[in-house]
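Asker: Pasting a structure below so you can have a look.
The values are calculated or read from the model by the stated rules, or taken from the named source; none is laboratory data. Please read these numbers as outputs of a predicted model, since none were measured by experiment. Cβ coordinates were reconstructed from backbone atoms using ideal geometry, including for glycine residues, and neighbour counts include every protein chain displayed. Heavy atoms of the whole protein, side chains included, go into the accessibility calculation; ligands, DNA and RNA do not. Shrake-Rupley method; radii C 1.70, N 1.55, O 1.52, S 1.80 Å.
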Amino acid sequence: GTMTKHVEVVHLIDSQRQQNLGIALKRMRLKNKEIKSAVITMDDTVLSPATVNVLVDICPTAEEKQLLDKYIKDGSDPKVLGPEEKYLYEVSQIPRLQERLQCLRTKHEFGYHARKILDITKLTRNAVVEVEKSEPFKRILEIILALGNYANGGTPRGAAWGFKLDVLGKLANVKDNTGHTTMMHYLYHLLEDQYPELLKKFHLPAASKVTQLSLTDVSGDLNALSKAVQQIKSEIQHPPFTKGDRFQKVMEKFEVRASKDVVRLQTDFESVRSDFQKLAIRFGESGPQVQPSSFFFKSCYL
């Protein structure tokens with residue numbers, strides 16, 4: 001019979017990486033050439049958000065590129081490489097692949113992150129306006145001040161002009177002589193009895209929606225979004241590396257729109273942050289550490 005020559009498959013990467021790559025490639029069910037071509041032509045029908053996330057995770061590392069370059073330079077045959085190495089070899093011919101894929105991921109996720117920041121900014125603005133305009137809230141604070149001055153009558157604390165919102169959280173801890181009724185209970189009964197209309201009108205629905213909110217977190221998200229768009233701006237400076245490379249063309253359009261959106265988001269956010277800080281100072285809370293979460297939580301404590 002005829003002898004068939006058995007070809008040894010060549011592996012250049014460790015077995016763990018090989019396994020991870022193998023699983024990822026099977027999941028995508030795409031040929032190496034299809035992936036390479038889709039990345040070059042920016043084919044959205046192939047490059048879904050899920051696929052782009054996988055491709056970012058399995059990008060060839062600098063070390064793997066070196067191994068493959070050396071292998072080919074030494075005159076070895078790429079046809080005998082293992083399937084995972086063949087994939088790495090194919091896509092490593094696209095310059096700046098990782099950056100390119102990260103930019104694509106930003107394009108996919110931009111709308112979601114921008115909407116989230118916009119929603120939080122709107123919620124905070126609504127809460128600020130609501131507390132600012134709430135006459136019942138101010139009236140109740142005046143009653144609490146009068147109560148406090150009455151309770152502290154004859155002591156140095158008895159002639160206060162105002163108090164910090166912190167006090168609202170403490171009302172539930174101040175008890176009467178019997179130890180049964182708290183100041184909060186007493187206040188509630190007093191309002192129910194003497195000021196029923198005031199109690200009926202007092203509600204802060206917008207403020208209660210932002211009692212979990214940190215402006216520092218939102219600021220961090222906004223900076224991350226701005227950085228991601230900046231990365232696209234610097235990536236589109238690289239001219240197309242081959243015929244049919246549409247990265248620059250597709251991304252230029254997106255970058256112009258996204259940059260405008262980021263500026264708008266930053267302007268809105270800064271204006272809301274400044275309005276919130278002014279409001280906090282008016283109620284005796286100040287400093288950069290004052291967050292809407294604690295401020296509006298105290299406002300809603302009543």
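Asker: Between LYS133 and SER219, what FRET efficiency follows from the Cβ-Cβ distance if R0 is 41 Å, with the result rounded to 0.05?
Answerer: 0.95
Asker: Here's a follow-up. Compute, for the chain, the length of the dipole vector about the Cα centre, with Cβ point charges of +1 (Lys, Arg) and -1 (Asp, Glu) only. Units Debye, rounded to 20. All intermediate terms of the calculation are to be shown ahead of the outcome.
Answerer: On the way: 44 positive and 37 negative charges, 105 e Å.
Its charge dipole is roughly 500 debye.
Asker: When all protein chains stay in place, what accessible area (Å², nearest 10, 1.4 Å probe) is found for LYS209?
Answerer: Spelled out: LYS209, probe radius 1.4 Å, area about 140 Å².
Asker: Got a number for the accessible area of ILE58? Probe 1.4 Å, square angstrom, nearest 10.
Answerer: My reading of the accessible area for ILE58 is about 10 Å².
Asker: Go ahead and set up a Gaussian network model of the chain, Cα springs under 10 Å, then flag whichever of ALA146, ALA207, ALA258 fluctuates most.
Answerer: ALA146
Asker: Between ILE23 and ASP275, what length in nm is gained on full extension when 0.36 nm per residue of separation is reduced by their alpha carbon distance? Mind dumping the intermediate values first?
Answerer: On the way: separation 252, 0.36 × 252 = 90.72 nm, distance 5.15 nm.
Length gained between ILE23 and ASP275: 85.6 nm.
Asker: Using a cut-off of 11 Å between beta-carbons, work out the net charge of the residues near VAL52 (Lys and Arg +1, Asp and Glu -1, VAL52 not included). Before the final figure, lay out each step's value.
Answerer: On the way: positive: ARG100, ARG105, LYS107; negative: ASP44, ASP57, GLU109.
The answer is 0.
Asker: Can you tell me what the convex hull of the Cα atoms of segment 234-302 projects to on average, as an area in nm²?
Answerer: Working: hull surface 28.4 nm².
Over every viewing direction, the Cα hull of segment 234-302 projects on average to 7.1 nm².
Asker: Please list GLU270, GLU99 from largest to smallest accessible area, probe radius 1.4 Å, with all protein chains kept in place.
Answerer: Values: GLU270 90, GLU99 55 Å².
Greatest to least solvent exposure: GLU270, GLU99.
Asker: So, for the chain, what is the accessible surface per residue at a probe of 1.4 Å, expressed in square angstrom?
Answerer: Working: 18430 Å² over 302 residues.
Ligands and nucleic acids excluded, the result is 61 Å² per residue.
Asker: Let me ask something additional. Taking the Cα centre of segment 1-90 as origin, work out the dipole magnitude from +1 charges on Lys and Arg Cβ and -1 charges on Asp and Glu Cβ, in debye rounded to 20. Please list the in-between numbers first.
Answerer: Details: 13 positive and 14 negative charges, 57 e Å.
Charge dipole, segment 1-90, about its Cα centre: 280 debye, nearest 20.
Asker: Keeping every protein chain in place, order GLU85, GLU90 by accessible area at 1.4 Å, biggest value first, i.e. largest first. Write out the running numbers ahead of the final one.
Answerer: On the way: GLU85 0, GLU90 30 Å².
In descending accessible area the options line up as GLU90, GLU85.
Asker: Evaluate the distance, in nm, between pseudo-label points positioned 7 Å from the Cα of VAL46 and of THR61 along their respective Cα→Cβ axes.
Answerer: In this crude spin-label approximation the distance works out to 2.6 nm.
Asker: Additional query: Please list TYR188, TYR89, TYR71 from largest to smallest accessible area, probe radius 1.4 Å, with all protein chains kept in place.
Answerer: On the way: TYR188 110, TYR89 65, TYR71 30 Å².
Largest to smallest exposure gives the sequence TYR188, TYR89, TYR71.
Asker: Then there is this: Give me a comma-separated list of calculated 3J(HN,Hα) values for segment 239-249, in order, Karplus coefficients 6.51, -1.76, 1.60 applied at θ = phi - 60°, integers in Hz, x for any Gly or Pro.
Answerer: Per residue, the Karplus-derived 3J(HN,Hα) values read x, x, 8, 7, 4, x, 6, 9, 4, 4, 4 Hz.
Asker: Would you mind checking segment 255-269 for residues with the amide N under 20 Å from a putative spin-label position 7 Å along Cα→C-beta of SER234?
Answerer: 255-260, 262-263
Asker: Of THR242, THR267, THR124, which is the most mobile in a GNM of the chain whose springs link Cα atoms less than 10 angstrom apart?
Answerer: Result for the chain, Cα springs under 10 Å: THR242 fluctuates most.
Asker: Separate question: Short version: ³J(HN,Hα) in whole Hz for each residue of segment 21-29, in order, from phi by Karplus 6.51 cos²θ - 1.76 cosθ + 1.60 (θ = phi - 60°), x for Gly and Pro, what are they?
Answerer: After applying 6.51 cos²θ - 1.76 cosθ + 1.60, I find 5, x, 4, 4, 5, 5, 5, 7, 6 Hz.
Asker: Considering only C-alpha atoms, what is the centroid distance from segment 118-150 to segment 3-49, in Å?
Answerer: 60
Asker: Modelled label-to-label distance, GLN248 and ASP77, 7 Å Cα→beta-carbon offset: nm?
Answerer: In this crude label model, GLN248 to ASP77 measures out at 3.9 nm.
Asker: Could I ask something else about it? Which entry is the computed log10 I(q)/I(0) by the Debye sum over Cα atoms at q = 0.07, 0.08, 0.15 Å⁻¹ for this structure: [x] -0.23, -0.30, -1.16; [y] -0.29, -0.38, -1.17; [z] -0.52, -0.60, -1.13?
Answerer: Recomputing log10 I(q)/I(0) by the Debye sum over Cα atoms at q = 0.07, 0.08, 0.15 Å⁻¹ here picks out [z].
Asker: Which value, in Å² and to the nearest 10, is the accessible area of VAL39 when all protein chains are kept and the probe is 1.4 Å?
Answerer: 0
Asker: Quick one: among ALA114, ALA24, ALA280, which has the greatest mean-square fluctuation in a GNM of the chain with alpha-carbon springs under 10 angstrom?
Answerer: Most flexible of the set in this elastic network: ALA24.
Asker: If you don't mind, there's one more thing I want to ask. Computing the accessible area with a 1.4 Å probe over protein heavy atoms, can you report the carbon and sulfur percentage for the chain?
Answerer: Values: 9930 of 18430 Å².
Answer for the chain: carbon and sulfur cover 54 percent of the accessible area.
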